[in-house]
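Take a look at the structure set out below.
The values are calculated or read from the model by the stated rules, or taken from the named source; none is laboratory data. Since the model is a prediction, treat every value here as computed from it, not as a measurement. Note that each Cβ is placed from the backbone with ideal geometry, even for glycine, and that neighbours are counted across all protein chains shown. These area figures cover heavy atoms from the full protein model, side chains too; ligands, DNA and RNA do not enter into them. Shrake-Rupley method; radii C 1.70, N 1.55, O 1.52, S 1.80 Å.
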Amino acid sequence: MTCEGRFELVEAARTVSDLLHEKYSRQILFAGIGEEGQRRLLGASAVVVGCGAIGAATVNLLVRAGMGRIRVIDRDFVEPSNLQRQTLFDEADARDALPKAVAAERKLRAINSSLAVEGIVADVNPGNAEELLAGFDVILDGTDNFETRFLVNDFAVRAGQPWIYAAAVASYGLTMTIRPGLTPCLACLIPTERRGLGLEETCDTIGVLGSIVNVIASLEATEAIKMLAGSEADLHGRLVSCDVWSGHFQSVRVGRNPECPVCVHRKFAYLDGDAQPHITMCGRDSVQIHERGRALDLATLKTRLAPTVDDVRQNDFLLRFRIAPYEMTVFADGRAIFKGTRDPAVARSLYARYIGA
């Protein structure tokens, strides 16, 4: 190579470096990150499980911050009702019913073309968790149900990968960073005996404010940035919760459960497929979910669902309603039949949205 050629390569590298420095200049000025922290971020990776409200806001922040490699996993598509709070999507995405992972990849690449962004249309389950989640520096929670969260917790604890739990409904949200071997895990925070008891409040039954989504996403993204920019000492290790309507904020230290089945006894029921509800095909275009020991108050569920679904009917034994193009029949023991689909992922998603995981 001639001297002129080497000079041109050096100048090109300097130009790229200068452009990157300009892009992240205000972040580099922050003492907690600096030049070295930004360099670390550009070499770091994250996988976001779910690209709904929190997932979309979190990944948006991380791409703008310069997270070098990001994978976005989501099983759903964009709907008009998403646009109030899911900041990556627009009316064209909803009109075209684009898969959220596809729409997110397009938007994120347009925001920061220098990063490696990958959108995958998938439902994370025990059979594919290893393939989808392994090898990333951190796993980020953007899911809409606890079945998937406990699965991610099992995988993260077994693999020794840090992950950040985050959730929001109505005006309330919470988040906690989980570092296997160093902090409590999600199973410590929510013991087995407290799971799946009756009805759960969801965004589809009691609504959600876009403002709480963005608060929680900001906290989640900041914890990820601390971890991957080399500022682990600044991780607070607390469960942070807030209600943007009442103005109440709380930060508490959660103790590790000495009898935790996951992080102490290393029993991974969700990852092994033992804890998920049993799903069977039930006639033509129908799926049945067999929940395990769940008691539902059908009258309360009817009152909650009436404003958001169609053709709600209830008796002492079951509750039936429609969410076009599906019909859902729920029984008092938690069992449910979905007409209009043969896809178990669709059935699980609908169950989580309207009953709770």
Give me the extension gain from residue 128 to residue 252: residue separation times 0.36 nm, minus the current Cα-Cα distance, reported in nm with one decimal. 41.3 nm
For the table 267/339; 23/226; 23/107, the rows whose alpha-carbon distance is greater than 23 Å are 267/339
Would you calculate, for the chain, the mean residue ellipticity at 222 nm contributed by helices, counting each DSSP H stretch of 4 or more residues as -39,500 (n - 2.57) and dividing by all residues, to the nearest 500? -10500 deg cm²/dmol
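Given a Förster distance of 25 Å, report the FRET efficiency between residue 315 and residue 206 from their Cβ-Cβ distance, rounded to the nearest 0.05. Could the numbers behind the result be given before it?
On the way: r = 24 Å, r/R0 = 0.97.
My answer for the efficiency is 0.55.
Once the piece of chain linking residue 192 and residue 331 is laid out straight, how much longer is it, given 0.36 nm per residue of separation minus the C-alpha distance between them? All intermediate terms of the calculation are to be shown ahead of the outcome.
Working: separation 139, 0.36 × 139 = 50.04 nm, distance 2.24 nm.
Extending this stretch completely gives an extra 47.8 nm.
Given Cα pairs under 8 Å that are at least 6 residues apart, what percent is the relative contact order of region 47-86? Intermediate results must be reported in sequence, preceding the final value.
Values: 31 pairs, mean separation 23.1, N = 40.
Worked out over region 47-86, it gives 58 percent.
Take the Cα pairs of the chain, get the Kirkwood Rh, then feed it into Stokes-Einstein at 37 °C and 0.692 mPa s and tell me D in µm²/s. Present the calculation step by step, with values, prior to reporting the outcome.
Values: Rh = 21.7 Å.
The estimated diffusion coefficient comes to 152 µm²/s.
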Go through 104-117, 231-244 and give me the packing order, highest mean Cβ count within 10 Å leading. 104-117, 231-244
Cα extents of region 42-135 along the three principal axes, largest first (Å): 34, 32, 18
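Report the far tail of the P(r) of region 165-270, meaning the percent of Cα-Cα pairs longer than 21 Å. It would help to have the intermediate numbers written out before the result.
Values: 2464 of 5565 pairs.
Within region 165-270, distances greater than 21 Å cover 44 percent of Cα pairs.
Pop out the carbon and sulfur fraction of the accessible area of the chain as a percent, whole number, probe 1.4 Å.
Details: 8840 of 16650 Å².
The value for the chain is 53 percent carbon and sulfur by accessible area.
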Testing the spin-label approximation: label points 7 Å from Cα along Cα→Cβ at residue 113 and residue 245. State their distance in nm. 4.4 nm
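What ratio of Cα Rg to 2.2 N^0.38 Å holds for region 23-78?
Details: Rg = 12.9 Å, N = 56, 2.2 N^0.38 = 10.2 Å.
Dividing the Cα Rg of region 23-78 by 2.2 N^0.38 Å gives 1.27.
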